[in-house]
Amino acid sequence: MINTLPRGIESVPTFLSFFELNNIPFAIVEDRIHTVEKNTDSKDSLHYNFKKYGIEQSEEVLVLEKEFLEKNKELIENYMAWYIDKNFLSKINDSRARLHNLKESYEKIQDNSVERFIVVDVFNKFNNREIEKNLDNKAEEILNSSFVRSYPRISDIQLKYSLLGYVLGNALVMDHRVYDLEINSDQNADCLFFRKHKFNLQFKSPLINLKQTYSGLIKKAVEESALSFGQSFSEVLSSQKKVLDSLEGLVNRENSFKNNNRAEDHNIGFEKMNNNIYGIYMNLSPFLVKKKENYYHFEKAKIGFAIKVDGTTFRINDAPRILDGYYVHPFVNVTGYICFGKTDWESIGVNFTREYDFYRSRDASAETLANILRRGEMNLTRGHFGKMVNGFSDFSNIPIIARSRYEALNYARRNSIPEWRIYNND
């Protein structure tokens, strides 16, 4: 890799430097350089400072620019290689080093504790965070992969138009001064006659300013070509960054939960109640229920259950219940017990008498615990659909907040309840 910046492209003399050094006046018209000669019989002429000059056609500006690139091929290619190293290859190497360190950190925090099982596996299952699965394997694939280190060549710089013509348009350089050429039929002491057109001279800038601007444009064209060449490296960087960011977030999150007796992530949490009893819960946000054309508002609730742990196995103590006090709902009694009716728990992998091994069946065990919370949420939000569940009471004791969809939507907006949290139970 090229770690030191090569001599700057801006310092390389262009053909403008030749004209400046020899004080040769010239005009640029229609992207061609035309030399200004004294005492010629040219049809085209310059009237400047009470003197007449002939205009002779010389060369296309684009040809001169391509010759400049070829003449300085080694310097420019070294500069592009340095640019690729600085903006792509060094970042890829840094990213791989960070990925290696993160992978080591991730491996160090792996353990078979029930806390990690709940925080990582159960939380991810409940929140459907499948993107974090096998991140360490993806990191390993990147670290073991290789890419072809290559650099652009001078032929990769494709000039479609002249850079000098782009910045100048039609212009005259005379006595180290740059003049815009403006088509005008008015009489003027200083003017240029070219192909039946009369151009007046309008001072633009000193020649030294043009040289600096022009060198900057050449540098920009070289860097844009290097940048275009480096797009394949950008794709490598992008794929690395995606895994890197996810793995970094995972490591930070797991470290923040490590050795804690309680944790929350979004709307799910856990709390260690004693040596081998762990409570797992979810925070249910406020919602509306539609039943028989009427709409009812239910407040937020904390739904949870407990598991009893023995080594790497656990048993589910009971079905989920309301944990944060009295909750008004047809399916909840005064003690917080939720009515589940004739729920087929086995259909979602739940058995209150069996033992689950979260070491041998980590994914399935996590899915089971997440399903228990989902079932508790479903009973409260959609459990009165048809005659699926007979609760402790009906809706007669619950205030009606709306009698139409329109009223319900307005009520939901006023109370910051998303539209999707209006559940139809008819």
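The values are calculated or read from the model by the stated rules, or taken from the named source; none is laboratory data. Just so it is clear, the structure is predicted and the values come from calculations on it, not from any experiment. When we count neighbours, we look across all protein chains shown, and the Cβ atoms used for this are built from the backbone with ideal geometry, even at glycine.
Remarks
- The requirement of being among the aliphatic types (A, V, I, L, M) and at pLDDT 85 or above is fulfilled somewhere in segment 102-118, by at least one residue.
- Taking each residue of segment 346-361 that is touching a residue at least 60 places away in the same chain (Cβ under 8 Å) and looking for partners that are among the hydroxyl-bearing types (S, T, Y) and assigned to a helix (DSSP H, G or I) with beta-carbon atoms closer than 7 Å, six or more apart or interchain, yields F358/S365.
Residues are listed down the side, and each one gets a yes or a no for (1) modelled with pLDDT under 90; (2) touching a helix residue (DSSP H, G or I) at 6+ places or on another chain (Cβ under 8 Å); (3) not hydroxyl-bearing (S, T, Y):
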site: S234; (1), (2), (3): yes, yes, no
site: L237; (1), (2), (3): yes, yes, yes
site: K242; (1), (2), (3): yes, no, yes
site: V251; (1), (2), (3): yes, yes, yes
site: I268; (1), (2), (3): no, yes, yes
site: I280; (1), (2), (3): no, yes, yes
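- Close contacts from segment 94-106, counting a first residue that is free of Cβ contacts under 8 Å to residues at least 60 places away in the same chain and among the β-branched types (V, I, T) and a second that is surrounded by fewer than 17 Cβ atoms within 10 Å (Cβ to Cβ) and assigned to a helix (DSSP H, G or I), with Cβ to Cβ under 7 Å and a gap of 6+ residues or different chains, come to none at all.
- Strands (runs of 3 or more DSSP E) (entirely within segment 246-361) containing at least 3 residues that are crowded, with 16+ Cβ neighbours inside 10 Å and of a type outside the set (A, V, I, L, M): 268-272, 277-284, 287-291, 294-298, 301-310
- In segment 242-276, residue farthest from E107 (Cα to Cα) [restricted to those that are among the aliphatic types (A, V, I, L, M) and in contact with a strand residue (DSSP E or B) (Cβ under 9 Å, 6 or more places away or on another chain)]: M273
- Of all residues in segment 157-186 being under 48 Å from the mean Cα position of the chain (by Cα) and assigned to a loop (DSSP other than H, G, I, E, B), the one that is farthest from K66 (Cα to Cα): N170
- Residue within segment 187-195 that is of a type in the set (D, E), at pLDDT 85 or above, more than 29 Å from the chain's Cα centre (by Cα) and in the same structural domain as I84 (by TED's automatic domain parsing) present: no
- Boolean, N200 is surrounded by fewer than 17 Cβ atoms within 10 Å (Cβ to Cβ) and at negative phi: no
- Each residue in segment 362-382 was checked for being surrounded by fewer than 19 Cβ atoms within 10 Å (Cβ to Cβ) and aliphatic (A, V, I, L, M), and 2 of them qualify.
- Cβ-Cβ contacts under 6 Å between residues 6 or more apart (or on different chains), taken from a first residue in segment 110-121 that is surrounded by fewer than 22 Cβ atoms within 10 Å (Cβ to Cβ) to a second residue that is of a type in the set (F, W, Y) and part of a loop (DSSP other than H, G, I, E, B), are listed as N112/Y359.
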